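So the structure is just underneath, and the comments pick up after that.
The values are calculated or read from the model by the stated rules, or taken from the named source; none is laboratory data. All values reported here derive from a predicted model rather than from experimental measurement. All Cβ positions, glycine included, derive from the backbone under ideal geometry; neighbour counts span all protein chains shown.
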Amino acid sequence: MHIIEISTTDTYALRLAVLRENTPTTNVSFPEDDWPGVTHLGVVDLAGAIVATSSWVPRECAEHPGRRGVQLRGMATSKDLQSNGVGGLLLEAGVQRHTEAGFELMWAKARDAAMGFYLRHHCEVLGEGFIEDATQLPHHIVVRHLRS
Ligand SMILES: CC(C)(COP(=O)(O)OP(=O)(O)OC[C@H]1O[C@@H](n2cnc3c(N)ncnc32)[C@H](O)[C@@H]1OP(=O)(O)O)[C@@H](O)C(=O)NCCC(=O)NCCS
């Protein structure tokens, strides 16, 4: 397994299979996908298949104005590989990369169903829960303070 930069369209298959399952939408494109500075990182297996995806959007967190933030979006691991450490590897690689680039904060709209994953990776929950528009699933904002 290794981590590489991938294109926006490389993320679509896993976004559809993993993030759009049992939701009212099949839209796999995010408005931020092609913003300047956005990076899509993926985990590639030995056969060259992308088995996890993540998108990193330079964007301030509303709850932490003035701090240089990066929003993690589209975090997904192929269903047959979940709970094997792949997502953790990807999240930590993105955190390291953005910490080294001078970002102060990583934040995400985290599904409540995935909260254990974010808490294990040093995120804290901010504010009240909400139903996210696209998926209609319960979410909370999570934040991780980055240290260079
Ligand atoms: C959330 C998600 C991205 C995490 O990716 P993952 O590859 O499953 O992540 P990991 O394997 O690193 O960690 C997942 C769990 O497996 C456990 N785990 C990690 N390595 C393990 C191993 N070697 N053996 C057994 N369990 C392991 C971790 O403890 C973790 O438990 P937790 O959920 O209670 O924290 C993935 O489960 C997923 O795609 N879920 C559906 C989509 C989703 O909810 N995305 C997030 C949107 S905000």
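Answer yes or no as to whether residue 63 is modelled with pLDDT under 95 and charged (D, E, K, R). So residue 63 passes the test. Of all residues in the range 62-90, those that are near the ligand (Cβ under 7 Å from one of its atoms) have Cβ atoms under 7 Å from Cβ atoms of residues that are aromatic (Phe, Trp, Tyr) and not in a loop (DSSP other than H, G, I, E, B), 6 or more apart or on another chain, in 87/117. Considering the range 1-116, the qualifying strands (runs of 3 or more DSSP E), each wholly inside and each with 2 or more residues that are in contact with a His (Cβ under 6 Å, 6 or more places away or on another chain), run over 105-111.
I'd like to verify a number: residues in the range 79-132 that are on the phi > 0 side of the Ramachandran plot and touching an Asp or Glu at 6+ places or on another chain (Cβ under 9 Å), how many? Even if it seems obvious, please write down each step before you answer.
Residues of the range 79-132 that are on the phi > 0 side of the Ramachandran plot, as a first pass: 83, 85, 102, 122, 127.
Next, from what is left, pick out any that are touching an Asp or Glu at 6+ places or on another chain (Cβ under 9 Å): 127.
The number of residues fulfilling the criteria is 1.
Restricting 101, 93 to residues that are of a type in the set (Gly, Ala, Ser), surrounded by 15 or more Cβ atoms within 10 Å (Cβ to Cβ) and either modelled with pLDDT under 95 or over 17 Å from residue 121 (Cα atoms) (or both) narrows the list to 101. Residues considered: 111, 120. Of these, the only one that is near the ligand (Cβ under 8 Å from one of its atoms) and touching a Leu at 6+ places or on another chain (Cβ under 6 Å) is 111.
Of all residues in the range 45-61, those being hydrophobic (A, V, I, L, M, F, W, C), surrounded by 15 or more Cβ atoms within 10 Å (Cβ to Cβ), in contact (Cβ under 8 Å) with a residue 40 or more places away in the chain and farther than 14 Å from residue 141 by Cβ number 3. Residues in the range 127-146 that are outside any loop (DSSP other than H, G, I, E, B), among the hydrophobic types (A, V, I, L, M, F, W, C) and under 23 Å from residue 28 (Cβ atoms): 130, 131, 141, 142.
For the range 132-145, which positions are more than 13 Å from the ligand (Cβ to nearest atom) and out of contact with any Gly (no Cβ under 9 Å at 6 or more places or on another chain)? Talk me through it step by step, then tell me what you get.
Here is the first cut: in the range 132-145, the residues more than 13 Å from the ligand (Cβ to nearest atom) are 133, 136, 143-145.
Across the range 132-145, the qualifying residues are 133, 136, 144, 145.
When the range 118-128 is filtered for residues that are without any contact (Cβ under 8 Å) to a residue 24 or more places away in the chain and surrounded by 11 or more Cβ atoms within 10 Å (Cβ to Cβ), the ones remaining, listed by number, are 119, 122, 123, 124, 125. Out of 139, 121, one residue alone is touching a Lys or Arg at 6+ places or on another chain (Cβ under 6 Å) and of a type outside the set (A, V, I, L, M, F, W, C). It is 139.
Quick one: is residue 9 away from the ligand (no atom under 16 Å from the Cβ) and modelled with pLDDT of 95 or more? Against the criterion (away from the ligand (no atom under 16 Å from the Cβ) and modelled with pLDDT of 95 or more), residue 9 qualifies.
Are any residues in the range 68-85 touching a Phe, Trp or Tyr at 6+ places or on another chain (Cβ under 9 Å) and over 14 Å from residue 39 (Cα atoms), and if so, which ones?
Step one: filter the range 68-85 for residues touching a Phe, Trp or Tyr at 6+ places or on another chain (Cβ under 9 Å), giving 68-75.
Residue satisfying the conditions is 68 alone.
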